[in-house]
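Can you read through this structure? Questions will come right after.
The values are calculated or read from the model by the stated rules, or taken from the named source; none is laboratory data. Just so it is clear, the structure is predicted and the values come from calculations on it, not from any experiment. Glycine gets a Cβ as well: all are built from the backbone with ideal geometry, and neighbour counts include every protein chain shown.
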């Protein structure tokens, strides 16, 4: 019998980035959308990216197939099924409402469709979930504010807000007001920072937006004082190794700074980001860093435990998941 995967929480996962080619073609046929690819194999061959923007161009183009509540529910349920098979016990899922409302899809369709799948996730897949609404940083601050207000009737389903998309030239401070509104509404706050943008963006996300986690954060290593602060304050970093290689943030997995981040005492976690595009879900990322970086079982166990420590969970639930990690037997 194969060994069970290591139990983990996934904290950096864009639900639109779980759109596998097979589902993209099925939804395109259902919704009368013509894709610029003839086959799933041809589409997969397009998954060769030179940087973040080259990925985003394809990522947004494929979203055209997502139109109805059923589409979003099917997308999320497909992810949760694959995540469960990879050991995910808790998932905090990003979604990008502006990418859908810009196409004429009402925000309620997006949120309620995803919510339907998340409502039955524990029963169907054994995964607890949280939904995090992200703002596109290459859109205006006004657009983010309008999006937040449009989402107010649905805030019962939303646990936090985040910031994603093209980082360079779009500093966190641009979104000060919308993050303040989110804080006033009692929502958690996270932000992508220090992926392609500078280490200063990490500091800005902490000090201006008041975020509780940093998504990516690789470039913190360029600022020794920031590294010391992140370690001292136990600020979680949601690292996505396979994504970092696919988007050319690092040349090879063997050169990934994860070991340096661990040695610096940072609270790092391993996640899949946009797994349909980047070559693997969360257990695939754990396996890849184990092989490429020579991580031992106890380091992998620590990374899994970190994911639950960094999650937005009540202490009783967190303790239960940490006990599962402690009891895990590696094959």
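Looking at 126, 169, which one is within 16 Å of residue 205 (Cβ to Cβ) and modelled with pLDDT of 95 or more?
So the residue among 126, 169 that is within 16 Å of residue 205 (Cβ to Cβ) and modelled with pLDDT of 95 or more is 169.
Among the listed residues 210, 160, 217, which satisfies the condition of being buried (at least 24 other Cβ atoms within 10 Å of the Cβ) and closer than 29 Å to residue 114 by Cα?
None of the others qualify; the one that does is 217.
Can you tell which of 250, 268 is in a strand (DSSP E or B) and either at pLDDT 95 or above or surrounded by fewer than 20 Cβ atoms within 10 Å (Cβ to Cβ) (or both)?
Unique residue meeting the criteria: 268.
Same structure again: Answer yes or no as to whether residue 221 is at pLDDT 95 or above, under 26 Å from residue 278 (Cα atoms) and over 20 Å from the mean Cα position of the chain (by Cα).
Working: at pLDDT 95 or above: yes; under 26 Å from residue 278 (Cα atoms): yes; over 20 Å from the mean Cα position of the chain (by Cα): yes.
It is true that residue 221 is at pLDDT 95 or above, under 26 Å from residue 278 (Cα atoms) and over 20 Å from the mean Cα position of the chain (by Cα).
Working only within region 153-166, note down all residues that are in contact with a strand residue (DSSP E or B) (Cβ under 6 Å, 6 or more places away or on another chain) and either at pLDDT below 95 or more than 18 Å from residue 313 (Cα to Cα) (or both).
163, 164, 165
Tell me yes or no: at least one residue of region 108-125 is surrounded by 19 or more Cβ atoms within 10 Å (Cβ to Cβ) and farther than 21 Å from residue 27 by Cα.
Checked against the condition, which is being surrounded by 19 or more Cβ atoms within 10 Å (Cβ to Cβ) and farther than 21 Å from residue 27 by Cα, region 108-125 yields at least one hit.
Still on this structure, please answer the following. Could you list, in sequence order, the residues of region 121-143 that are touching a residue at least 40 places away in the same chain (Cβ under 8 Å) and either in a helix (DSSP H, G or I) or farther than 26 Å from residue 167 by Cα (or both)?
Going residue by residue through region 121-143, those that are touching a residue at least 40 places away in the same chain (Cβ under 8 Å) are 121, 124-130, 132, 134-137, 139, 143.
121, 124, 125, 126, 127, 128, 129, 143, listed by residue number.
Residues are listed down the side, and each one gets a yes or a no for (1) modelled with pLDDT of 95 or more; (2) out of contact with any strand residue (DSSP E or B) (no Cβ under 6 Å at 6 or more places or on another chain):
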site	(1), (2)
2	no, yes
10	yes, no
20	yes, yes
26	yes, yes
57	no, yes
72	yes, yes
90	yes, no
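Output the residues belonging to region 266-289 that are without any contact (Cβ under 8 Å) to a residue 40 or more places away in the chain and out of contact with any helix residue (DSSP H, G or I) (no Cβ under 6 Å at 6 or more places or on another chain).
287
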